[in-house]
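To keep things clear, I will list the structure first and then write my remarks on it.
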Amino acid sequence: MDVLLLFLGFLCVLGGVFGSFLPALPGPSLSWIGLLLLYMTSGVSINYLVLSLTFFITVSISFLDYIIPAKGAKKFGGTKYGVWGTNIGMIIGFFIPMPFGFIVGAFVGAFIGELWYDKQDKKRALKSATGSFLGFLVSSFMKFFVCMMFLGTFLVVVWHNKETLF
């Protein structure tokens, strides 16, 4: 059972790293579940301080994930169309066979979303798309950093408990 929990925990933490850029996966939450699964094994004694602190960080990051892109869009005069366009473009860009297609897709999606809102003002649409895109980047890199910290925590705990786990 411990091997299964360890394996599932590792998959969750890795999925969280990918989920930090993909809107369909809740990156930090998935990574936290991976840490929880690790601490549920009999080979690792539960550390409530680590789990509480990482849970607080997860909740905070999840809350900020909704605020930062909207603030970035509003700062540059964007609308909810730009924010939605960013998310849709990122998903479509993920399937485009080019490096970082989801980043290009996010920007193009924001631009198209803003044009959908106002077809006449292309300059405003470009400025708004830039704000939506920057908000997305800040939010994504913040989530990526947290998920990488959770991955590091997972690996350190496994390393320190390798005798009892394996």
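Every read-out reported here was derived from the displayed coordinates using simple, explicitly stated rules and does not represent laboratory data. Predicted model, so just to flag it, every value in this text is computed and none were measured. Virtual Cβ from ideal backbone geometry, glycine too; neighbours counted across all protein chains shown.
Skipping prolines and chain starts, which residues have an amide H placed within reach, meaning under 5 Å, of the one on L25, given they are 5 or more residues away or on another chain?
Counting only residues 5 or more places away or on other chains, the set is empty.
Between segment 93-144 and segment 1-50, what is the C-alpha centre distance in whole Å?
Taking the Cα centre of segment 1-50 as reference, the centre of segment 93-144 is 30 Å away.
Given points 7 Å out from each Cα along the Cα-Cβ axis, report the L25 to F55 separation in nanometres with one decimal.
2.4 nm
Within segment 42-147, which chymotrypsin sites (Phe, Trp or Tyr not before Pro) sit in a loop by DSSP and count at most 16 neighbouring Cβ atoms inside 10 Å? Display every interim value, and only then the final one.
Numbers: sites: Y48, F55, F56, F63, Y66, F76, Y81, W84, F94, F95, F100, F102, F107, F111, W116, Y117, F133, F136, F141, F144, F145; in loops: F76, F95, F100.
Passing both the DSSP loop test and the Cβ count: F95, F100.
The list [x] 1.27; [y] 1.23; [z] 2.15 gives values of Cα Rg over 2.2 N^0.38 Å, and only one came from this structure; which label was calculated from it?
Derived directly from the coordinates: [y].
Find how much the distance from K75 to L36 grows on full extension, using 0.36 nm per residue of separation minus their present alpha carbon separation; answer in nm with one decimal.
Roughly 10.3 nm would be gained on extension.
What length, rounded to one decimal in nm, is gained on full extension from D2 through to Y48, with 0.36 nm per residue of separation minus their alpha-carbon distance? It would help to have the intermediate numbers written out before the result.
Values: separation 46, 0.36 × 46 = 16.56 nm, distance 1.91 nm.
Contour length minus Cα-Cα distance gives 14.7 nm.
Suppose R0 equals 30 Å. What FRET efficiency, 1/(1 + (r/R0)^6) with r the Cβ-Cβ distance, do D118 and F63 give to the nearest 0.05?
After rounding to 0.05, the efficiency reads 0.50.
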